[in-house]
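The values are calculated or read from the model by the stated rules, or taken from the named source; none is laboratory data. Here the structure is a predicted model, which means the values were calculated and not measured. Every residue, glycine as well, gets a Cβ built from its backbone with ideal geometry; the counts of neighbours run over all protein chains shown. The accessibility values were calculated without ligands, DNA or RNA, using every heavy atom of the protein model including side chains. Shrake-Rupley method; radii C 1.70, N 1.55, O 1.52, S 1.80 Å.
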Amino acid sequence: MSKVATCQSCGMPLNKEENWGTNKNNSKTNEYCKFCFLDGKFSNPNLTLEKVIEKSVELSKKLWMPEDKAREIANNTIPKLKRWNS
Ligand SMILES: [Zn+2]
């Protein structure tokens, strides 16, 4: 298990156990969120790093963050996540 409490696919904070993904044996994992990882596999295997970054930027813009700032943060954090850092 990772000590990092953010989803290693989409970067979502995983401070609440209810948002954790699940392994094949139904145990919880705090490496991925329930939207990315269920039952031991990725819910969306066709997801790409670019798509995750775009989604993250859209989300940040809804929270009134300027797009260039949102993009800078996404580009600095999401490629380092375990799913994309291989
Ligand atoms: Zn996720």
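In table form, for the structure just shown:
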read-out	value
Cα extents of segment 17-80 along the three principal axes, largest first (Å)	41, 24, 18
Whole-Hz ³J(HN,Hα) from phi, Karplus 6.51 cos²θ - 1.76 cosθ + 1.60, for segment 27-40, glycine and proline x	6, 8, 10, 9, 7, 9, 7, 5, 7, 9, 9, 9, 6, x
Other-chain or far-sequence residues with amide H under 5 Å of Trp20's (modelled H)	Lys34
Phe35 paired with Asn23, simple spin-label distance in nm, labels 7 Å along Cα-to-beta-carbon	2.5
Exposed trypsin sites (Lys or Arg not before Pro) absent - longest run of the chain, DSSP non-H/G/I/E/B, at most 12 other C-beta within 10 Å	25-86
Acute angle (nearest 10 degrees) that the helix 67-77 long axis makes with the longest principal axis of the chain, alpha-carbon atoms	40
Cα-based helix-to-principal-axis angle, 49-62 vs the chain, degrees rounded to 10	60
Cross-link pairs Lys51/Lys82; Lys24/Lys51; Lys28/Lys51; Lys41/Lys62 - those with Cα-Cα distance over 19 Å	Lys24/Lys51; Lys28/Lys51; Lys41/Lys62
Per-residue SASA entry for Asp68, accessible area with 1.4 Å probe, Å² rounded to 10	120
Spin-label pair Phe42/Glu72, simplified geometry with 7 Å Cα→Cβ offset, distance in nm	2.9
Under 5 Å, built H, 5+ apart or other chain: amide partners of Thr6	Leu14
